[in-house]
Amino acid sequence: EKAGFDHFMLKEIYEQPKAYRDTMGSRIDEAGQRIVLSEVKLTPQQIWDIHNIHIVACGTAYHAGLVGKSVIEQLVRIPVETDVASEYRYRSPIITAHTLVIVVSQSGETADTLAALREAKRNGARVIAITNVVGSSVSREADDVITTWAGPEIAVASTKAYTSQLIAFYLLGLHLAQTLGTQDAAAIQETIAALQKLPEQVEQLLGHAEEIKQYAEQIATHDDLFFIGRGADYAVAQEGSLKLKEISYIHSEAYAAGELKHGTLALIEEGIPVIALATQEQLLEKTVSNIKEVKARGAQVFAIAFEGNHEIAKSVDLVFEIPRTLPLLAPALSVVPLQLLAYYASLARGNDVDKPRNLAKSVTVE
Ligand code: M6R
């Protein structure tokens with residue numbers, strides 16, 4: 001059942017190219033020009049009437065929602081807030097009939113996410129669910145459902161479900177953009193072409209898993225480390241940090257790179273590993289200056305950057321290169337080495353990778 005892999009998690013990491021292809025599937029027209037999201041029944045008029053969007057989820061799905069916020073805001077310029085479901089449901093969120101609520105849940109059974117969905121509906125919002133389980137509670141109660149076709153995810157640590165959720169956000173963002181006309185046809189086609197390349201690019205970087213394994217064995221001896229990034233890189237940093245904590249039990253924190261100097265820099269000392277996500281080109285110069293700040297205090301910096309980025313390569317101790325794509329789509333590539341990092345660090349520490357302590361695959365209690 002693990003198809004020759006030692007663990008479900010590794011199998012699921014390697015299933016990502018297929019999960020991307022299946023989730024895009026027939027949702028892109030044959031000419032590669034338009035998104036065809038027929039399961040979203042919102043009419044153009046209803047889309048025009050959206051004033052704001054709330055994305056609500058837990059854990060890794062919440063991190064997909066952080067990327068979703070930047071995707072939608074960039075493509076359609078509608079204000080988006082992303083919330084943790086357990087906070088959202090109790091904070092009296094300001095929901096109107098013009099609010100679109102997007103709930104994200106691999107299992108579709110997470111109690112807090114389901115409660116948030118109900119709260120949104122009670123307040124008159126339209127709800128779209130992004131879920132991996134057809135017929136799940138979340139899918140039954142939402143108005144529209146975008147199924148991620150990642151296939152069953154067994155490992156407690158979510159991998160292919162997260163990346164399929166990213167694909168769902170790209171599709172939804174483009175669908176809204178083409179309806180509202182906020183992106184021209186050429187820009188939509190360019191993004192679709194880049195999306196279609198992602199599966200092959202993931203295959204390419206999985207071919208370099210050995211480099212990550214070696215680095216993971218190094219960090220496995222540490223008790224603390226940091227992830228830094230700006231913009232979409234910050235969202236991916238948060239997911240990388242959660243993945244690492246969840247299965248390797250190494251303490252880590254993800255920081256918006258520009259926020260370090262407001263306190264956290266005090267924790268940077270000789271030899272501490274810092275993992276810098278540096279794919280967002282418009283922010284690169286700023287990220288490089290944050291890398292210099294930590295290096296000056298003795299940090300060992302490992303960067304994830306697009307191939308051929310010499311500026312980053314010369315500023316850090318080690319770089320893992322990912323294939324080039326649009327900055328908007330970079331999370332769908334940059335998270336993969338972080339999943340492998342968590343996997344190999346957990347393995348190096350002798351942990352139960354697929355069933356980490358204290359955790360359950362689906363949290364159906366509050
Ligand atoms: O099934 P869901 O997507 O609603 O689950 C949400 C979280 O419990 C889940 O993503 C959790 O954070 C994962 N174990 C992370 O790897």
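The values are calculated or read from the model by the stated rules, or taken from the named source; none is laboratory data. Predicted model, so just to flag it, every value in this text is computed and none were measured. We place every Cβ from the backbone using ideal geometry, glycine too, and count neighbours over all the protein chains shown. Surface accessibility is based on the protein's heavy atoms, side chains included, excluding ligands, DNA and RNA. Shrake-Rupley method; radii C 1.70, N 1.55, O 1.52, S 1.80 Å.
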Can you give me the Cα centroid spacing of segment 1-61 and segment 148-182 in angstrom? 3
Run through the DSSP bridge list for segment 191-294 and note the antiparallel percent, rounded to the nearest 5. 0
Modelling each spin label as a point 7 Å along the Cα-to-Cβ direction, I'd like the A31/E203 distance in nm, to one decimal. 2.8
Send over a whole-number figure in Å² for the accessible area per residue of the chain, probe 1.4 Å. 40
To test your reading of the geometry: what angle, between 0 and 90 degrees and rounded to tens, separates the Cα axis of helix 111-122 from the longest principal axis of the chain? 30
For the chain, the longest principal axis of the Cα atoms and the Cα long axis of helix 232-248 enclose an angle in degrees, to the nearest 10, of 70
Could you check the spin-label model distance between A185 and T264? Points 7 Å from the Cα along Cα→Cβ, value in nm. 4.5
S38-R77 pseudo-label distance in nm [points 7 Å out on the Cα-to-Cβ vector]: 3.3
Range of Cα positions in segment 301-366 per principal axis (Å), largest first: 46, 28, 17
What is the Cα centroid distance between segment 195-225 and segment 98-146, reported in whole angstrom? 33
Please report the accessible area of S362 (heavy atoms, 1.4 Å probe, ligands and nucleic acids excluded) in Å², nearest 10. 40
Rounded to the nearest whole Å³, what is the per residue volume of the convex hull around the Cα atoms of the chain? 133
GNM of the chain, Cα pairs under 10 angstrom: of N123, N132, N290, the biggest fluctuation goes to N123
Quarter of Cα convex hull surface for segment 257-366, i.e. mean projection, nm²: 9.3
How about segment 238-298: which GluC sites (Glu not before Pro) there lie in a loop by DSSP and see at most 14 other Cβ atoms within 10 Å? E269, E270
So the FRET efficiency between N358 and H51, C-beta based with R0 = 45 Å and rounded to 0.05, is 0.65
